[in-house]
Each structure stands twice: as structure tokens, then as C-alpha cells.
1. Which of the following residues is modelled with pLDDT of 95 or more and on the phi > 0 side of the Ramachandran plot: 89, 64?
2. Please count how many residues of segment 262-309 are more than 22 Å from residue 345 (Cβ to Cβ), under 25 Å from the mean Cα position of the chain (by Cα) and in a helix (DSSP H, G or I).
3. Filter segment 212-252 for residues that are part of a helix (DSSP H, G or I) and over 21 Å from residue 163 (Cα atoms) and give the result.
4. Within the group 106, 72, which residue is touching a helix residue (DSSP H, G or I) at 6+ places or on another chain (Cβ under 8 Å) and surrounded by fewer than 22 Cβ atoms within 10 Å (Cβ to Cβ)?
5. Which ones in segment 215-238 are under 21 Å from residue 187 (Cα atoms) and out of contact with any helix residue (DSSP H, G or I) (no Cβ under 8 Å at 6 or more places or on another chain)?
6. Being in a loop (DSSP other than H, G, I, E, B) and in contact with a strand residue (DSSP E or B) (Cβ under 6 Å, 6 or more places away or on another chain) is the filter here; which residues of segment 142-160 pass it?
7. Could you please tell me which pairs satisfy a Cβ distance under 7 Å, a separation of 6+ or placement on different chains, a first residue in segment 251-265 that is within 12 Å of residue 57 (Cα to Cα), and a second residue that is part of a loop (DSSP other than H, G, I, E, B)?
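The values are calculated or read from the model by the stated rules, or taken from the named source; none is laboratory data. Note that the structure is predicted; figures quoted are calculated from it, not measured. Ideal geometry is used to build each Cβ from the backbone, glycine not excepted, and the neighbour counts take in all protein chains shown.
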């Protein structure tokens, strides 16, 4: 049962200007409602640039026939619990991170492998194509009764440190390194670091206390999670993997909606997938400048060390795929399909994979 004290923010409050321009009947008489929730902190770019604009767009496309009850900031559950809470009807749609639920969605980790792409839009659109052209959608979303509406893959992660400057590959050895799980655990092991799997909203306390030495983390999220108050060093322009996430809706709930509303949700999702990755790329550059201005030392590895890092990480993808194959999952098949999708989208969003 949802506590009465929980604050509900409707889509009307998020898009007041839009709704004011709509006919009174559309504003006052929504015929369907959805409960939406996520775990991001106030001011995080994903709700600002993705979730809230998506809900505004749905309201516009349905002419106010769909009401959104909005529970931000982990009000209904923590990030690793959101898939289950959506499946069980506590919420109808939510942010789902496959690396937080690798027992349910291990194959989506293909988009989190190091060295696969260089931009958020390249990784995002290749993953979106993968959902259309491979077994991934059936095995990880249909099987979990989730309909993916929009997706995002972040720009390649960096290593953000509180005490040790990362000047070579050896600097990473022995670090208690935060990872998001899945493919990043394999990467940490290849680097000789100690992987500590942790969801992003839980990182601040452990990082501030020194339970974590460093983080594999997106620069675009460092300020949102207040980690810039702790960090002293960061790599720059390296490729320590990434993070894939989905805004999804319960399949039974989706199927129960009238066709015009289903079409509106799908259309708004396609539009959001395209715009969110662009804003992530821009934000990554802006955040890098802010962190440098704050005095955080950021640098790329010297060329010879960068080459050494690529060699160390070159086997992560194959190890990841073989591990899944051994569990009866089509890891090698999905890895090959993702590489094909990366090549197919490279001319518009990035560079072909070698």
C-alpha cells in the first residue's frame, strides 16, 4: 500500500503551460491514468531531459486523456527494485537498469562493455536497433512483461577517484572500484581492481567515507549525485564501459490501454530516445568543464598507457559473451548483433567498430 504522505506530482504540474492551452474538457476529464516512478535525485538530467518531457509529450499527443501520477526520487522504491515493482503493479512505468537486475536482464549488458562506442547517441541508437532486430526484446523485456518505451546509453564512463590519480594502468590495481554490475564486474577484474557493485543513488555515502576508492561513473552524473564535493581526480576521454537504461511500462497495463494512447506512448518514446542522447552528450562536455573549473584534475592516459589499457580490456567482451553462453544465454549471438547494429548506425552517430 502506498503511504498517504507520499507526494504525488501530476503531469499537469509538470506541463502547466501546455495544459493551460488545452480545452477545459481535456484538462479536467482524463479517461486513463498511469503511475510513473524513478529513483533519480532532484535535478538529475534524466528526469529533466527525458522522463518529464516524455510525459509532457504523451499528454500533448493524447490531448489530456491520459493522467500521469508522478513519484520521483525513489518514493516508491530503490533503483534495483523498480523492475519488480513495475511487474507487481506498485507502479505502471519506471526507470529500469538491466545491470541492477542481471539475473533478469543479463544480455543488455552488451551495451555496457568497454570500448564499444564513443558517443551516447551511437550506443543508444545501436541498442535501440538491437531491440528491434534480435532476440533481446523477447528474452529480456517480453519475458519480464515490460514494454520498452525509450532507452538511453550514456557516454563512456571514466574512473573518478578521491585520492589516487590515474596515470597508468597500474594505478587501477587494488582500488575498491564502484561498478554498476554485469559487464563492469568483468572489467574491474581485468584491471586488477576490487569490484564493488552499487547503484548510483547509494554511492555518495560510501565514497565520502572511503569505503570506495574510486568510481566507474558517467561524468554527466557526477554533479547530480554531489560527487564533485569528494572527487579529486578523474580520467578523461577513456572508455571504461557505459550504462544502458530503459523507461518501460508494464505489458499488461500497456495492452489494456486504448490503441490511440498506446500509439502516443510509442511515438513519444521514439522522440525521447533521439533527443535525450543528444542532451546527454552536450551535458557531458558542460560537466567536464565545470569539474575542471572546480579544481578536479582530469587527464587522459599517456598514449602508451592508453594502448595498454585497450589490450587489457580487449578480452572483456568475449569473456562476457562466453560466460552467458555457458549459462544457456545467447551471449555471443547478442554481442555479434550489437556490433552489427553499431556498424549500421556508425555513419550517423559514431565510428565503425573494428
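1. Values: 64 fails: modelled with pLDDT of 95 or more.
Answer to the check: 89.
2. Of the residues in that region, 12 qualify.
3. 251, 252
4. When all the criteria are applied, what remains is 72.
5. Within segment 215-238, 233, 235, 237 qualify.
6. Step one: of segment 142-160, the residues in a loop (DSSP other than H, G, I, E, B) are 143-145, 154-157.
157 - this is the single residue of segment 142-160 that is in a loop (DSSP other than H, G, I, E, B) and in contact with a strand residue (DSSP E or B) (Cβ under 6 Å, 6 or more places away or on another chain).
7. That search, which allows pairs on different chains as well, returns 261/62; 261/65; 264/62.
The rows are residues; the columns are (1) more than 27 Å from residue 281 (Cβ to Cβ); (2) surrounded by 21 or more Cβ atoms within 10 Å (Cβ to Cβ).
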site: 153; (1), (2): no, yes
site: 161; (1), (2): no, yes
site: 165; (1), (2): no, no
site: 168; (1), (2): yes, no
site: 171; (1), (2): yes, no
site: 177; (1), (2): no, yes
site: 184; (1), (2): no, yes
